[in-house]
Structure formats: C-alpha cells, structure tokens
Amino acid sequence: MANKQAAQKYLRASQRRRMRNKPVRTRARTAVRDAMLAIDANDWGDADQLVQDAVAALDRAAQRGVVHANNAARRKSRLLRHYHHAQAPDVHARPHVRPPEPVQVP
C-alpha cells in the first residue's frame, strides 16, 4: 500500500485509467480473435465483416491511447496478412530475405 498522499492519489488515478481502458482493450482483442477464428474456419461471409470490425477496434484503441499506435499497426498487419494468405494460399508472398548477389567473374 502507498504511504505518501501523492502515491495514493497516483494509485487511484491509475485504477481509474485501468477501468476506463479495459473494455476498449478487451473489445479489440476479442474482435481480432473472432476474425482469426472465422478466417481459420474459411467462413468468408463473416470473416470480411469481422476483419473490418477488428481493424476498427484496433484503430479506436490506438486513438484513445490504450495500445501504442505501432502495436495496433503490427496487429492489423498480421491479421490482414493472415486473411489474404488464407484467401489465396497459392500466391507466394515476397521472400523475407534478399536473394544472393550474382557472382561476378573478373
């Protein structure tokens, strides 16, 4: 327990922020999880809408400062990459490493 009055005030403020941020964070996580489950089940009718909802929830959480903007962007990128790959698995994505340089013969 905090001993100083300022520490007690800070504790109360952090608890208020946590209670205000929790539903926003939970909504974003649930939206992403539901979208991933729909994608894995190949339920494209629901997956399209659920992916849009997940992106909107992540944007809203980032805008309110509940999650960092880069964190939200990373989650959206992973979700959309999973979504597009599941729709067209035969299309190869760009390689993650650069190809080797050709050998130059003197």
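The values are calculated or read from the model by the stated rules, or taken from the named source; none is laboratory data. Not measured: the values here are computed from a predicted model. Positions of Cβ are generated from backbone atoms using ideal geometry, with glycine treated the same way; all protein chains shown enter the neighbour counts. Each accessible area value is taken on the protein alone, full model and side chains, heavy atoms only, with ligands, DNA and RNA left out. Shrake-Rupley method; radii C 1.70, N 1.55, O 1.52, S 1.80 Å.
Calculate what fraction, in whole %, of the accessible area of the chain sits on carbon and sulfur atoms when a 1.4 Å probe is rolled over the protein chains.
Answer for the chain: carbon and sulfur cover 53 percent of the accessible area.
Out of every Cα-Cα pair in the chain, what percent are more than 25 Å apart?
Considering the chain, 46 percent of its Cα-Cα pairs are separated by more than 25 Å.
If packing is taken as the average number of other Cβ atoms within 10 Å across a peptide's residues, how do 59-71, 16-28 rank, most packed first?
59-71, 16-28
For the Cα atoms of the chain, what angle does the longest principal axis make with the long axis of helix 69-87, in degrees from 0 to 90, nearest 10?
Rounded to the nearest ten degrees, it is 40.
I need the peptides 99-106, 72-79 ranked by packing, meaning the mean over residues of other C-beta atoms within 10 angstrom, with the highest value on top.
Order by mean packing, descending: 72-79, 99-106.
Could you sort 49-56, 5-12 so that the peptide with the highest average Cβ count within 10 Å comes first and the rest follow in order?
Top of the packing list down: 49-56, 5-12.
Just name one of 61, 50, 36: the one whose Cα is farthest towards the positive end of the charge dipole of the chain (beta-carbon charges, Lys/Arg +1, Asp/Glu -1).
It is 61, whose Cα lies furthest towards the positive end.
Determine the per residue accessible area of the chain with all protein chains present and a 1.4 angstrom probe, expressed in square angstrom.
With all protein chains present, the chain gives 82 Å² per residue.
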